[in-house]
1. On the protein heavy atoms, probe 1.4 angstrom, tell me the percent of accessible surface of segment 347-455 carried by carbon and sulfur.
2. Residue-wise, which Karplus ³J(HN,Hα) couplings in Hz belong to segment 378-393, taking 6.51 cos²θ - 1.76 cosθ + 1.60, θ = phi - 60°, and x for glycine or proline?
3. Could you sort 125-134, 375-384 so that the peptide with the highest average Cβ count within 10 Å comes first and the rest follow in order?
4. Taking the full set of protein chains and a 1.4 angstrom probe, give the accessible area of K523 in square angstrom, rounded to the nearest 10.
5. Kirkwood-based Rg over Rh for segment 415-502 (C-alpha set), two decimals?
6. Starting from the residue with the highest accessible area, list R54, R367 in decreasing order, probe 1.4 Å.
7. Among the listed pairs K717/K759; K526/K800; K171/K200; K418/K816, which have their C-alpha atoms separated by more than 29 angstrom in this model?
8. With every protein chain kept in the model, how would you rank S695, S611 by accessible area, 1.4 Å probe, largest at the top?
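The values are calculated or read from the model by the stated rules, or taken from the named source; none is laboratory data. Since the structure is predicted, the reported quantities are computational estimates derived from the model, not experimental observations. Positions of Cβ are generated from backbone atoms using ideal geometry, with glycine treated the same way; all protein chains shown enter the neighbour counts. Accessible surface areas use protein heavy atoms only, side chains included; no ligands, DNA or RNA. Shrake-Rupley method; radii C 1.70, N 1.55, O 1.52, S 1.80 Å.
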Amino acid sequence: MQLRVILIIMFASTLDIFMIQCCQCRFHYSIIFADFFIAVVEHAKLVQNPLIGRTLEWGGKIQIVESHDQNQTLAEVCKHLKTGATALIDMSAPNVGLLIRSFARTVGLPYITVVDPSTLQSKDYDPDLHIGVEPPGSTMFRVIPDIVKHGSLTKIAILYDQSFDLHTIAKRILTGVPAQHLYQEIAQGDDLAEQMKKLKDIGTKVFILVCDKNSADSVLIEAFNQELMDEAYNWFVITKTHELTCSKCRALGQSATVIHINGNESYNYTSRDAYLDFVKIQLRENFFTIYGFNIDEAFMYDLRMILDDVSTRFINATPIIIPDCNTVSLVRNQSRVDESRRIVEPFKTAKRTGVYGNISYRNGMLRQDVQLTINRIILDNLNKNTLGTWNEQDHISVDGKLTKEVGKKKYRVVIVPKYEPFVIKLSDNSKKNVTRADYDGYCLDLLDAIADTADFEYEIEESPDGLVGAMSDDGSWDGVIKHLMDRKADIAVGPISVMAERENVVDFTVPYYDLVGLTILMKKPKFDYKITKFIEVLDNYVWLCIIAAFFLFSGLLWAFDKFSPYSYQNDQTLWDGQGPEPRVFSFKEGIWFCMMSLTPQGGGEAPRALSGRLIAATWWLFGFIVIATYTANLAAFLTVSRMDEPIKSLDDLSSQYKIQYAPMNGSTGLVYFKRMAEIEQKFYTIWKQMSLNDSLDAVQRAKLAVWDYPVSNKYTKLWETMQDTGFPDSLEEATKRVISGDFAYIGDAAENKFQTLTKCDLWEVGEEFSRKPFAFAVQEGSPLRNILSNAILQLLNQRKLETLKHKWWTNNQKKKTCPDIENESDGISIKNIGGVFLVIAVGTALSLICLAFEFYWYKYRPQQDGMRYNVKRNQSKASLTTSPTATTTLSNGNGSLWANNAPDFVPEEEARSNGMVHFELNGQL
């Protein structure tokens, strides 16, 4: 057990004035002691800093008593309270101080705590009895987060010994600072070598020593032995003394630098010289110089001066006398508390210019604004270069960088091959040493931009198994994740999904790409789009038979109408001349009748003869059956494709058995489905154990047995089906299986999207699920995480990531223009029914042709004939004219019979006036 010492500082109850004058040393103190102060000091502090005890002991009224445990310490305090004491000074270990402070509050004794505030409890801050004093070592801890922030450091090891009390207080130095760090007490002897080796193996790059000079020397020597002093490592040493010699380091003859941080002994020359004179004269250390200053010992001197000043304000204070601690009343004595308040209040206005900074009462405690000096020391020759200073208000003020200046760093990069467009392998050769020229893609362009921004170089190697990395059941890894874990690479580049299990073994940068989930890649369905699809409803032989029947019945109508004695053309007396002329069924009329009978317009007037009507009725019945059959088949033909619903989601895929499906071996999708199936099985096992638990009563067991299987087994079935199907080993194999047969590949949405971008016979279906961002990975605790993350954020602000996305997706040279697929389930496509509109075009074209023929035959051709034979167009009627000259004229518009001496034409009016007989014959003469 570590020994404790109770240092009892007894000041005479009557006023004693000690006048100390030294002309040579400019030393003058007026120390007024009113009653006794009892100081409880930890034994280790007296051993490590001898001047603390001697400073308190100075004056001849100090008695040092060793203590081994709490009870003995309390017994020694009670022993001295029998003669009375004014206040208690607590400089003890946390476990002893807790009891001492509790006792002081009970008896109403004022107590001054010179311990780290983290060791105090809320009840210790009694405003009537407590005066808190923060030791300078606790203030010095605040330089560490400023160093980390100033240099953007990470992967930090804080090594300490007992000189800073870090072994007894809460390790909260870097709380809230985004940097990976660990705390370790400096090992002793042979264990130190093992400790440094482990720190090197985990990739520690920054070492902060918080210790005395002896511990610092031991660690630095071992660091040389472990090759931890080159430019890749940064060392910071924080001590309470000014010496950092490391004589054995000098003997090694190796150049190395460390940043040494200690108190600024030149802050105030008056205070410094006064303390120097005090140690030399009063403590009789004749050879003491400023290089032997210790910040704790100097602070105790300043605190003694404050006690000297404050004690003059409560000269008439009544000391507390406790004859027997065993009879102490637990009821608080208010008059004693009021007396103690008179002692406490003067401390709240105390001020002093200390050796290492001003001391004043701030934020409920006496605090020293510690001034520190930051030096760079070259260990092989101990040359010191002052870089700047630090204090709690202004933080770090230095010229230049605290970290070592190194050349352009070169990192090892392992990439995930063949994941287009993120990583594209330009050559399939299996050469051992690959270069940047062998690869292209989004990630490679991004890596180049990051390297330019962060100013580093890199060399590329390919993932040995071509995988990103997944954890097996025994906890082992593969892919680029294993490469990082084995420290064979510094950075892993590729579309690496950020997953919780991966974050346990490696670190990720900030995401560089959107959230990407899993989707289903399937073969694109082919729809037979034909403009004549409405014709293909019936077989070609059926169409030929219908056409043959059409012309057959057209001919039959003509024949029956021609030979039947009851038809209009054979019995013209049936028409009395009223109304429209009766229909004569020639072959042309038969064709028109059969055609129109198949339309809603109808065929028009039917034959008069019974035989003709039977033929017409037979055609009507035939046409009705043909139209009904055609309509039914057309509707069924166009509906078949609509009835086959495509797969739209993972649920649709799991509810069918025709199409097989699986993710790629070693992919994120495989890990997802495997983990989901395991979770379902675990939940089922938990429910089963609960339902079969004999310790439950019958009612509880009945409630649990409501369902046979309360947890969904969706992913369990999916996983079993995938295992039966088999997992493709590469994307090429997966796409071949998709194209060649009924197989669906479940993979990253970005991967599937690129496949559909470059292959028109593939399509991506379903909504994304299990979405995760893409990021680069580094070794666990590597400082590269912050470097790469900052570079990515800069590129994001510069919109460089959008440019890369536009380059590799929108403007990709492999991108193909694929025809759109119309969803037949939403309605009949125009591509299938568009042939019907072709009928309009064909009918209109035939009509125009007929119109042109009619125009030519009935108008243009007669005009040409008239001009050829000098007959005017209006002579299209046959005229028979009789005249006295016995001249007969016959004209029907097509030819003429004229007398040789007859005039060309005799007008009708002139013939009548000459007594000619005029006949007009309509039709054929």
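1. 42 percent
2. 8, 6, 6, 9, 6, 5, 10, 10, 6, 8, x, 9, 9, 8, 5, 7
3. Working: 125-134: 19.3, 375-384: 15.3.
For the peptides 125-134, 375-384, the packing ranking is 125-134, 375-384.
4. Rounded to the nearest 10, the figure is 90 Å².
5. Working: Rg = 13.3 Å, Rh = 13.7 Å.
Value, to two decimals: 0.97.
6. Reading off the accessible areas and sorting them downward yields R54, R367.
7. K717/K759; K526/K800
8. Greatest to least solvent exposure: S695, S611.
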